[in-house]
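To start, the structure itself, in structure tokens.
The values are calculated or read from the model by the stated rules, or taken from the named source; none is laboratory data. What you are looking at is a predicted structure, and each value in this text was computed from that prediction instead of being measured. Note that each Cβ is placed from the backbone with ideal geometry, even for glycine, and that neighbours are counted across all protein chains shown.
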Amino acid sequence: MFFTPKCLGTTTLTKEELKEDKEKCLKVGPCGLGAKALYLNSFFLDRVYYISYKDINRCFKRVAMSKGGFTGKGVFGSMPYLVVQYGTGLEKQCNFKFEEEVDMFLEELSKIRPEMPLHSVEAEYKLRMAEEEERKRYLKELSPEQENSVKVLRDAEEVVKAYPKQYTKLSVTAKQKRVIERISPTYQKVALVILMLSIASALFGLFALIKGQGLAIYFVLFGFSFIFIVISSRILPTGRNNKAYAEKEWADALKDMSETMKDTKDFPVPPQYAHPVVLERMIRVIREGRADSVSDAFTIMKEDLKKLNSDVTVSQKEYDEVVQVKPMFLVMDYQ
């Protein structure tokens, strides 16, 4: 190992165990899931800490810079974190670039440690309340047409769930395309100016440091700090962070899903919307009595998504659903 991860809990691994476990760990974003421990990042470096599963009390997603995650307001502009609670009230918060990566991390963790709580205490309470409210909205008895529509959608949901890679890529690339398209050119110009000044500051500091000037180290530190901040903000275009690349990735994801679904007869939604969450929301519309047919449920579901924006109050469950599928509809202009 280039460096040895620092232990956060009370259960330590031997050097040999740590080396083997980290090398074989499943890397998701800046963190990793090993057989014996989780590997967590610092602000700048990936997988520099580890914590044994024995020491973890709870692991969950936290969303900052957006009111959507836990207060019930807001949908976009989120900054995702993975939170690991351990010991007696201690916690480690890990920043991620993409919210989908946090979801993927928690999904994989649920397979490794199905007994581990994957929501905060507050979120678990809100989820229970939301589920109770949802059940109250359902019809006690569905009509034969509604029953048949629900069956069609359940069957379709099972089909698409067999292709997690395809529908996840569809969701991720749509969101990335949407984010890049909405970056203001003004922000990019400001970020470029800051980056240039930061580089100049770092170079001046290094030069002054060689000359032995006393304040040189501060120019170096501030310069490199702002360089990392600008790069991590992802405002400036790069080889994988520009409109052309985002468009290509979305087109590839759509083509892949279209090829996957082409042999599925009478699939109830277009391939650009082939996602379990879309089908689940359509089922919900029918069970609430707002539609009888699949086509009507699809229309109403789209209208529900259109109404959701950063000023609308939503439950945590709905927030988690919307951030996955609404970008797919936005990039297609709901067509």
*Tell me, which helices (runs of 4 or more DSSP H) lie completely within segment 241-335 with 1 or more residues that are surrounded by 14 or more Cβ atoms within 10 Å (Cβ to Cβ) and over 21 Å from the mean Cα position of the chain (by Cα)?*
243-261, 276-287, 294-307
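It is to be established whether one or more residues within segment 188-203 are over 30 Å from Ser293 (Cα atoms), within 19 Å of the chain's Cα centre (by Cα) and not hydrophobic (A, V, I, L, M, F, W, C). It would help to see each step written out before you state the result.
Restricting attention to segment 188-203, the residues satisfying the condition of being over 30 Å from Ser293 (Cα atoms) are 188-203.
With within 19 Å of the chain's Cα centre (by Cα) added as a condition, the list becomes none.
No, there is no match, as no residue in segment 188-203 is over 30 Å from Ser293 (Cα atoms), within 19 Å of the chain's Cα centre (by Cα) and not hydrophobic (A, V, I, L, M, F, W, C).
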*How about segment 32-69: which of its residues are within 24 Å of Glu122 (Cα to Cα) and at pLDDT 90 or above?*
Leu38, Leu40, Ile51, Tyr53, Lys54, Asp55, Ile56, Asn57, Arg58, Cys59, Phe60, Lys61
*Determine which member of the set Leu236, Leu195 is in a loop (DSSP other than H, G, I, E, B) and either of a type outside the set (A, V, I, L, M) or in contact with a helix residue (DSSP H, G or I) (Cβ under 6 Å, 6 or more places away or on another chain) (or both).*
Leu236
*segment 157-188, residues that are surrounded by 16 or more Cβ atoms within 10 Å (Cβ to Cβ) and basic (Lys, Arg)*: Lys169, Lys175, Lys177, Arg178
*Based on what the data block shows, is Arg290 charged (D, E, K, R), over 25 Å from Val102 (Cα atoms), in contact (Cβ under 8 Å) with a residue 24 or more places away in the chain and not assigned by TED's automatic domain parsing to the domain that holds Glu100?*
no
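I'm checking my understanding of the structure. Among residues of segment 106-147 that are among the hydroxyl-bearing types (Ser, Thr, Tyr) and in contact (Cβ under 8 Å) with a residue 12 or more places away in the chain, which one is nearest to Val294 (Cα to Cα)?
Quick first cut of segment 106-147, residues among the hydroxyl-bearing types (Ser, Thr, Tyr) only: 110, 120, 125, 138, 143.
Cutting the leftovers down to in contact (Cβ under 8 Å) with a residue 12 or more places away in the chain gives us 120, 138, 143.
Values: Ser120: 35, Tyr138: 17, Ser143: 13 Å.
Ranking the qualifying residues of segment 106-147, first place goes to Ser143.
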*Looking at Phe298, Phe228, which one is aromatic (Phe, Trp, Tyr), at pLDDT 85 or above and more than 15 Å from Arg178 (Cα to Cα)?*
Phe298
_Sole residue being farther than 30 Å from Lys169 by Cβ and outside the structural domain of Phe228 (by TED's automatic domain parsing), chosen from Glu108, Glu100, Glu133_ = Glu133
*asked:* Among (1) surrounded by fewer than 12 Cβ atoms within 10 Å (Cβ to Cβ); (2) not in a loop (DSSP other than H, G, I, E, B), there is one condition Gly214 misses while meeting the rest; what is its number?
replied: (2)
*Would you say Leu13 is more than 18 Å from Glu99 (Cα to Cα) and of a type in the set (A, V, I, L, M, F, W, C)?*
yes
*Assess whether Ile183 counts as being without any contact (Cβ under 8 Å) to a residue 60 or more places away in the chain, among the β-branched types (Val, Ile, Thr) and more than 30 Å from Val269 (Cβ to Cβ).*
no
*Inside segment 1-59, can you point out the residues that are of a type in the set (D, E, K, R), in contact (Cβ under 8 Å) with a residue 40 or more places away in the chain and under 25 Å from Ser225 (Cα atoms)?*
Lys6, Arg47
